[in-house]
Amino acid sequence: MNFKAIAIAAAAAAAATSAQAADLPADIAPVDYVRINDAYGAGFFVLPGTETAIKIGGRIRVEAKINNLTEDEDFGNDKNNHNFRSRANLRVDTRTQSELGLIRTYMDFQYTSDSDKRGNEGVKLDKGYVQIGGFTFGRATSAFDLWTGDLSSNVFDRHMADDTVWQASYTHALANGLTLAASIEDNADREHGADTGTVDSEGDRVISKAGNTIPTFVAKALLTQGWGWAGVSGAVTKLDAEAANSSEVGYGVAGGFGFNLDMIAPGDTINFQAAYAKGAMAYVGADDTVDAVLDGDNLEANKAWSVVAGYKHHWTSELSSGLEGSYLDVESGDEAILADFNEVVVAGTLEYRPVSGLLFSAGAGWKQKDEDGSSKEDAATLNFRVERSF
């Protein structure tokens with residue numbers, strides 16, 4: 001083959017290559033794959049095109065509750081002796097590092113369908129907040145709350161503060177597991193009103209409320225170490241009623257501690273807590289009574305104290321049980337309007353977790369209310385639950 005033929009062949013090959021290359025895009029965008037980010041725990045991944053880690057999870061809970069197990073209970077036609085409930089939670093958690101520190105958002109949407117009175121709560125925002133560094137803004141667990149119980153069944157509430165509230169709070173971590181928190185909180189979910197000493201046309205007691213006039217101020221110190229935890233908290237709020245000629249200062253204080261008992265079985269814990277409140281019954285877990293009584297137009301604050309304890313034991317890695325008990329004592333601001341009373345609650349559960357995220361539990365609860373000038377009243381309940389978390 002002579003030189004001329006070789007040159008012609010090379011030119012033809014170059015022309016063909018150029019034509020094919022012209023059909024290709026000038027710039028091929030790199031593929032942005034989803035990346036796992038376990039720096040914040042399992043389940044987080046990075047949103048493509050951002051530096052934000054996100055986790056999507058939730059829970060489905062189905063349970064049956066059997067009431068009216070004692071002669072003192074009177075479930076009329078407006079309630080069921082047995083009750084079924086299905087509850088679904090969808091949770092979205094995001095984390096982003098910034099010049100201001102870690103920025104976190106958290107949303108927990110909850111839907112409940114309940115056969116009691118054939119009612120239906122519908123969808124609600126159980127929690128929704130933004131955290132920037134040590135600041136929290138939004139609807140989150142109150143900074144006042146310490147230990148809130150370990151039982152995994154829906155039995156009678158023990159007498160402890162456990163509420164989600166609107167807040168603006170700051171938490172500062174010190175050395176050796178010590179944290180300090182200060183919070184300004186909306187008191188709407190914790191305000192119980194004042195008993196006027198009168199009844200309406202249907203025989204129900206008339207409760208006077210004055211709305212949420214100023215926020216509640218909360219402070220807490222919490223120590224968490226390998227042996228367990230210890231903490232104290234306090235809250236100051238304003239106590240009002242529509243018919244009262246003046247307002248009062250309400251407050252609550254709480255203290256507690258817990259120990260990890262891994263020497264008995266891995267994961268075992270025992271906890272103790274005590275609280276005192278004046279004009280703010282929610283801080284001692286007294287949600288079935290009012291904050292005050294109205295003697296004419298004078299506002300008289302109720303006083304109360306409570307103690308609660310609980311033990312959680314792990315028989316195996318899948319099987320555990322828990323037992324908790326509490327005592328509440330309420331002193332009325334005016335016994336002619338509302339009698340003094342005390343209440344005892346005992347609750348226990350048996351819990352089985354055959355695989356991660358799956359729970360079968362059975363629980364039982366008993367409570368007794370002893371009201372001055374009246375006979376003691378007992379109530380008992382059973383609960384069975386299946387729960388899947390993801």
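Within the range 161-187, how many residues are of a type outside the set (Asp, Glu), open to solvent by 60 Å² or more (accessible area, probe 1.4 Å) and touching a Gly at 6+ places or on another chain (Cβ under 9 Å)?
5
Exactly one of these conditions fails for residue 306: (1) without any contact (Cβ under 8 Å) to a residue 12 or more places away in the chain; (2) buried (at least 16 other Cβ atoms within 10 Å of the Cβ); (3) among the small types (Gly, Ala, Ser). Give me its number.
Unmet for residue 306, out of (1) without any contact (Cβ under 8 Å) to a residue 12 or more places away in the chain; (2) buried (at least 16 other Cβ atoms within 10 Å of the Cβ); (3) among the small types (Gly, Ala, Ser): (1).
Output the residue which, of all residues in the range 212-270 that are assigned to a loop (DSSP other than H, G, I, E, B), surrounded by 15 or more Cβ atoms within 10 Å (Cβ to Cβ) and more than 22 Å from the chain's Cα centre (by Cα), is modelled with the lowest pLDDT. First the steps, then the outcome.
Keep residues of the range 212-270 that are assigned to a loop (DSSP other than H, G, I, E, B), which gives 212-215, 226-227, 240-247, 261-268.
Subsequent filtering for residues that are surrounded by 15 or more Cβ atoms within 10 Å (Cβ to Cβ) retains 212, 215, 240-241, 244, 247, 261, 268.
The next check asks that each one be more than 22 Å from the chain's Cα centre (by Cα); those that pass are 240-241, 244, 247, 261.
Working: 240: 87, 241: 85, 244: 82, 247: 85, 261: 97.
So the residue we want is 244.
Here is a list: 332, 356, 320, 374. Which entry is touching a residue at least 40 places away in the same chain (Cβ under 8 Å) and not hydrophobic (A, V, I, L, M, F, W, C)?
Only one candidate qualifies: 320.
Go through 298, 260 for me and flag whichever is out of contact with any helix residue (DSSP H, G or I) (no Cβ under 7 Å at 6 or more places or on another chain) and within 30 Å of residue 317 (Cβ to Cβ).
Numbers: 298 fails: within 30 Å of residue 317 (Cβ to Cβ).
Testing whether each residue is out of contact with any helix residue (DSSP H, G or I) (no Cβ under 7 Å at 6 or more places or on another chain) and within 30 Å of residue 317 (Cβ to Cβ) leaves just 260.
Take the range 347-361 and flag every residue that is at pLDDT 95 or above, open to solvent by 40 Å² or more (accessible area, probe 1.4 Å) and of a type outside the set (Lys, Arg).
350, 352, 354, 355, 358, 360
Filter the range 104-140 for residues that are at pLDDT 95 or above and of a type in the set (Val, Ile, Thr); which is surrounded by the most Cβ atoms within 10 Å (Cβ to Cβ)?
Only one residue tops the list, namely 136.
The values are calculated or read from the model by the stated rules, or taken from the named source; none is laboratory data. As the structure is a computational prediction, the values presented were derived from the model and not from experiment. A quick note on method: Cβ atoms are made from the backbone with ideal geometry, for glycine too, and the neighbour counts reach across all protein chains shown. Accessible surface is based on the protein model in full, side chains and every heavy atom, while ligands, DNA and RNA are left aside. Shrake-Rupley method; radii C 1.70, N 1.55, O 1.52, S 1.80 Å.
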